Amino acid sequence: MERRRNKDMSTIKTVCKEIRPEELGFTSMHEHLLCDFTEMMKLSIEPEIRARIDYIPESMLKLNLGNLYALRTGMGTFSKDCASLYDMDYMVGELKAFAAMGGKAIVDASPIAAKAQKNVRGLQELSEKSGVHVVTCTGLYTAATQPEEYKAMPEEELVAFFKKQMEEGLDGTGVKPGFMKCAINTPGDCMGVDASEIKAVRACARVAAETGCSIHIHNGYPMGMEECVPVAQMVLDLGVKPDKLLMLHMDSLILRPHTDMEYISDFAAVKTVNIDLMLRLLDMGVNVGFDSWDMLVGGFPTNTDRLKALAELLRRGYGNKIVMGHDAYDKSRSVAYGYTGFTGFIRNALPVLRQLGYEKEIGMLTTENPARILAF
Ligand SMILES: [Zn+2]
C-alpha cells in the first residue's frame, strides 16, 4: 500500500528549492515577475479599442515622467518599455525594495497565455540575487488569451499536461510550479462563464486535488455571486480542500454602484463597498485575495475602499482566510519609477490595520495564510 504523505512533510515549491512552510515568511501573494504581457493584453480587449491602441505612437508608451500618468492609469499594460521580461537588474531592485521592508517571498502568478512572455529561467537567478523566495505556477488564463492548442485540448489531456509540468518543471527548465492558476473572466454559457475557462478551472482543480497544491482563480468583472460561488463549489466538489482554493482579486469586486456613471446619474446613489460575495466564499472555507493594492486604473476601488472592506472582514474574524498582493505587472507602478511596486500594502494598508488593532491579523494575512495555502 502506498504510504500517505505525512502532513508535517509538506513543503513549498519555490523556483530554487523546496522549503518548509515556516521558512516562507512575509509574502506578497499575487504579482508578476519578469514578464511581457503587452501583446497578450491586447487580446483581452474589444477589437475596436485594440485597433486604436495599435495607432498610439511609440513615444506615448515610452516610460518617462511625461507619460507616467497615462501609463499608471492603464496604458502601461500596452507599453513594451514597461515590460520587465529580461530586465534582471530592474527586477532584482524591486525585490530588494520589498525585502528592505521585511518581504521574504513573492508569488508569481503568470500562467500560460497566447503572446504572453514569462522568463521562467530567469526566476531562479532573480530569487538567488535578491534573496527573496519566488513561487511560480502553471495553468491557463482567460478565454481570449488561451493559446489555440490548449483551447482544443480535451480536459483529460490538459490534466496530464499540467501534471507533467508539476513533476518535470516548466518548459524544460526544471523550474517546478508551486500552484495552479486559472481564470473566470468571460461570460458564456457554461455556468455563466466561457466553456474554455471552465474547462481550465476543472483541469487545474483536478491536478490540485491529486497533488494537494493550491489553485488560484482570477475573477474579473462582470463575474459575481452567480458565477464565483458555483465555480468555487465545483472546485471543492472535484476534491480540492477549501483552504487550498484562493479566489483572486476579490478586493476589486467590492464597489457598489459598479460604475461612476451609475453613481453620478442618480443623486440618491451612495458610494460604498459590498462584501457579500466575499462572505459567501469565506463561509465556504475558501481563501480570498486582497491583491490589487495601489492599483490606479480608473473604475477600480481605491485603497480606502479596499481597507473599508478588509477592516470589516477582520472585525468579523476572517483574518485566517485572506492574503495580500498588488498584481504589479509593469514598471510604471514600480519603486524604481517612483511608485510602490511590491511594497504598496506595507506602506499604505498595514499601518491603517495596525492603528485599528489588527497586529495579530497582519501576521495571518502576510505570513501564516500564504504558508498554509502554498504548502503541499
Ligand atoms: Zn495577476
With a ≥ b ≥ c taken as the square roots of the eigenvalues of the C-alpha gyration tensor of region 323-376, please select rounded if a/c is under 1.5 and otherwise prolate if a/b is larger than b/c or oblate if it is not?
oblate
Give a residue-ordered list of calculated ³J(HN,Hα) values for region 89-105 (Karplus: 6.51 cos²θ - 1.76 cosθ + 1.60, θ = phi - 60°; whole Hz; x for Gly, Pro).
4, 4, 5, 4, x, 5, 5, 5, 5, 5, 5, 5, 9, x, x, 10, 8
Residues of region 142-168 with the amide nitrogen closer than 19 Å to a label point 7 Å from the Cα of Ala195, along Cα-to-Cβ, please.
142-159
Label zone at Lys151, where the point sits 7 Å out along the Cα-to-Cβ direction: region 12-48 residues whose backbone N lies under 15 Å
40-47
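Note down the net charge around Ile373, summing +1 for each Lys or Arg and -1 for each Asp or Glu among other residues with Cβ under 12 Å from its Cβ.
Details: positive: Lys241, Lys244, Lys321, Arg372; negative: Asp243, Glu368.
In short, +2.
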Linear extension gain, Tyr263 paired with Val229, 0.36 nm per residue minus alpha-carbon span
9.6 nm
Given labels modelled 7 Å from the Cα in the Cβ direction, how far is it in nm from Tyr69 to Glu168?
5.2
Report, by chain and number, residues whose modeled amide H sits under 5 Å from the one on Val286, excluding near sequence neighbours (fewer than 5 apart, same chain).
none
Could you run the Karplus curve 6.51 cos²θ - 1.76 cosθ + 1.60 with θ = phi - 60° over region 358-375 and give me ³J(HN,Hα) per residue in whole Hz, x for Gly and Pro?
9, 4, 4, 5, 4, x, 5, 4, 9, 10, 5, 5, x, 5, 5, 5, 7, 7
Spatially proximal lysines relative to Lys96 (Cα-Cα < 18 Å; intrachain offsets below 8 disregarded)
Lys104, Lys129, Lys331
Give me the percent of DSSP beta bridges within the chain that run antiparallel, rounded to the nearest 5.
25
Can you pull the semi-axes for region 84-157, root of five times each eigenvalue of the Cα gyration tensor, sorted largest first, whole Å?
30, 12, 10
Computed on Cα atoms only, the convex hull of the chain has an orientation-averaged projected area in nm² of 19.1
Can you pull the one-decimal nm distance between simple spin-label points at Arg354 and Glu125, each 7 Å off the Cα toward Cβ?
3.6
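Taking every eigenvalue of the Cα gyration tensor of region 149-272, multiplying by 5 and rooting it, what semi-axes result, largest first, whole Å?
Values: eigenvalues 216, 42, 36 Å².
Ellipsoid semi-axes (Å, largest first): 33, 15, 13.
Provide the net charge surrounding Glu197, with neighbours chosen by a C-beta distance below 11 Å and charges set as Lys +1, Arg +1, Asp -1, Glu -1. Each step should come with its number before you reach the end.
Working: positive: Lys151, Lys199, Arg202; negative: Asp194, Glu227.
Its environment carries a net charge of +1.
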Backbone HN-Hα couplings from phi across region 130-135 [Karplus 6.51/-1.76/1.60, Hz, Gly and Pro as x]:
9, x, 9, 5, 10, 10
Report, ordered by chain and residue number, the aspartates and glutamates lying within cross-link reach of Lys271, taken as a straight Cα distance under 20 Å and ignoring same-chain residues fewer than 8 apart.
Asp251, Asp260, Glu262, Asp294, Asp305, Glu312
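Readers should treat all values here as calculations from the given coordinates under stated rules, not as data from a laboratory. These numbers were taken from a predicted model, which means no experiment stands behind them. Glycine also receives a Cβ, built like all others from the backbone with ideal geometry; neighbour counts cover every protein chain displayed.
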